[in-house]
Amino acid sequence: FSPDGKYVATASSDFTARIGRTDTGETIARIDHESVVGDVSFSPDGKYVATASDDNTAKISRTDNGEEITRIYHEDSVLAVSFSPDGKYVATASSDFTARISRTDTGETIARIDHESVVGDVSFSSDGKYVATTSSDFTARISRTDTGETIAHIDHGDKIRDLSFSPDGKYVATASSDFIARISRTDTGETIARIDHEDPVNAVSFSPDGKYVATASNDNTAHISHTDTGETIVHINHESVVNAVSFSPDGKYVATASNDNTARISRTDTGETIARIDHEDRVTAVSFSPDGKYVVTASSDFTARIRYAKSALLWQEVCSRIRHNLTANEWERYVDANLLNYDRTCPDRPVHESVTRRALEWVKQDKNKALKLLRHIAKIDDNADLNPDTEESDRDPKAVIKQILSSIKNDKKQQESDTSE
C-alpha cells in the first residue's frame, strides 16, 4: 500500500509492476522490466515506486504515471528493494552477493555491503542510520547507511529468509531455514530471544508497539511471541505452508498468507480467525492498508485482491448501498448457510420480512426449529412483527407458533370438508 492507502503496488512474474487504485482496482501505472519483478516498495511520500527485477536492475518510477526516474544496476538478479525513511536513498539486495545503497534521485551508489552468498532481503532502521541485510551465507548484517560498514553480524544455521527492524530500531528479527527466528540487538547482534518452529521460518514481523513478533513457517503455523523472551503466546494454524505475516496498524490483528490458498485475519491476543480470503492458488503475500481498513493479498493465481479487513467495515459499505437488511436467501448465500445465525447487518433497520416468513414456513416441517428462529428474531429486533399476516403486531414466538398450527389445522379441516362435499 502507498503511505496514504490510496494505491496498491504489485510485482509479478509477468515482467511488470502495476499500481492500482485501492477503491476500484483500476491500474493507473505500469512499470515494465525485462524479467520477473520480485519486489516493489513505495517511497515515504508516496510519489515514487521502486521495483526489483531478475533483469539485474532496480527502477525508481513515478507513482502517478510509471515514468522511470532512475535505474540501479547489479551484476545479477535484484531480489529486494527498500526506501530510507527520508526517501533520499534506496537499498537493493542482489544475487550478486551484494546490497547497495543508492541515491533516489540519481541512482548513484554511495555504499556497498558484501556477503558471501545471495543477498535476499534488505531493510532500513526507523531512523535511517542502519541497513540490515539477509543472505544465503547464513548471516544477517547490520551496516551503516552512509558507509556500508558492518557493525554487527547475526548468525543462523541455514539461509536467512526474512528480517524486520523493531519500530524503535533497537532490535532486528530474522527468520531462517534453520527452523528458528531470532531477535537480536541492532548495535551488537547479540541474540536476546529465540522462537522455534518445526520447519523453516519464512517471514517475521514486529507489532507496531514492538512488544510482539509474528513468525510464519513451513510447519503450517504462524506464532505470535513476546519480543523480550521469545515466549509464544498464540498459534495460528493453516492447512499448508505459511508464507507471510503482517500486523494491523493498531496491532490488534495479524494477517497470514498460506499455500492452502487462503489468507486469514486473526486476533493477536487469541489467534481466533475473524476473516478468511480465498484464492485459487497459494497466497504469497499479505499487507494491511495504513488505516487498517483493507487487506491486500497476492497469489499465484495471477491476482492481487483487496478486501475489507473486518466484516464490520464490509457491512458499513453494504448498508451505505442498500435500504434493507439482508434477505434470508442473501444471508444463506453470502454469510452463513445457517439462518439461525442471522444478524442485523444494518443495526438501524429491521430484520428483513423474508427471514420471519422462512420461520413460519418451517412450522410445518419442524416447529422447534421455527420457534428457535422466531425467538432469535425477537431477540435481535425489539420491534419485529413475528407474524406479518395478522393486523396486529405479534411479539410472542410461542403464540405465533400456535396461531400457525391452528391455521394449518383449520385449513386441513376445510380441505377435508370440501372433499367430502
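None of the figures in this text is laboratory data; all of them are computed from the coordinates on show. Everything quoted here is computed from the prediction, not taken from an experiment. Neighbour counts run over all protein chains shown; Cβ positions are idealised from the backbone, glycine included.
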Task: Protection proxy ranking of 222-231, 109-118 - average other beta-carbon atoms within 10 Å, highest first - done: 222-231, 109-118
TODO: Please grab the % of Cα pairs in region 3-48 that end up more than 17 Å from each other.
DONE: 32 percent
Task: Under 16 Å from the Cα of residue 170 - aspartates and glutamates, other chains or at least 8 residues apart - done: 127, 187, 190, 209, 228
Task: Helical contribution to [θ] at 222 nm, DSSP H n ≥ 4, -39,500 (n - 2.57), averaged over the chain, rounded to 500 - done: -5000 deg cm²/dmol
Task: Prolate/oblate/rounded call for the chain, Cα gyration tensor, a/c under 1.5 rounded - done: prolate
Task: Per-pair calculated FRET efficiency, R0 = 51 Å: residue 15 and residue 229 via Cβ, rounded to 0.05 - done: 0.70
Open item on the list: Using a Förster radius of 51 Å, what is the FRET efficiency between residue 73 and residue 333 based on their Cβ-Cβ separation? Nearest 0.05, please.
Closed with: 0.45
TODO: Could you pull out every one of the lysines with an alpha carbon less than 26 Å from that of residue 47, ignoring same-chain neighbours closer than 8 positions?
DONE: 6, 59, 88, 129, 293
Open item on the list: Tell me whether region 202-276 comes out rounded, prolate or oblate; compute the Cα gyration tensor, take square roots of the eigenvalues as a ≥ b ≥ c, and use a/c under 1.5 as the rounded threshold.
Closed with: prolate
- [ ] Just check region 164-257 against the gyration tensor rule for me: Cα atoms, a ≥ b ≥ c as the square roots of the eigenvalues, rounded for a/c under 1.5, and otherwise prolate or oblate depending on whether a/b exceeds b/c.
- [x] oblate
Task: Ratio of Rg to Rh over region 1-155 (Cα coordinates, Kirkwood Rh, two decimals) - done: 0.97
Task: Whole-number D in µm² s⁻¹ for region 263-369, Kirkwood Cα-pair radius fed into Stokes-Einstein, 25 °C, 0.890 mPa s - done: 152 µm²/s
- [ ] Kindly rank 392-400, 348-356 from highest to lowest mean number of other beta carbons found within 10 Å of each residue.
- [x] 348-356, 392-400
TODO: Per residue of region 279-286, in order, report the coupling 6.51 cos²θ - 1.76 cosθ + 1.60 (Karplus, θ = phi - 60°) as ³J(HN,Hα) in whole Hz, putting x for Gly and Pro.
DONE: 10, 9, 8, 4, 9, 9, 8, 8
Task: Segment residue 149-residue 103, length gained on full extension (0.36 nm per residue, minus Cα span) - done: 14.8 nm
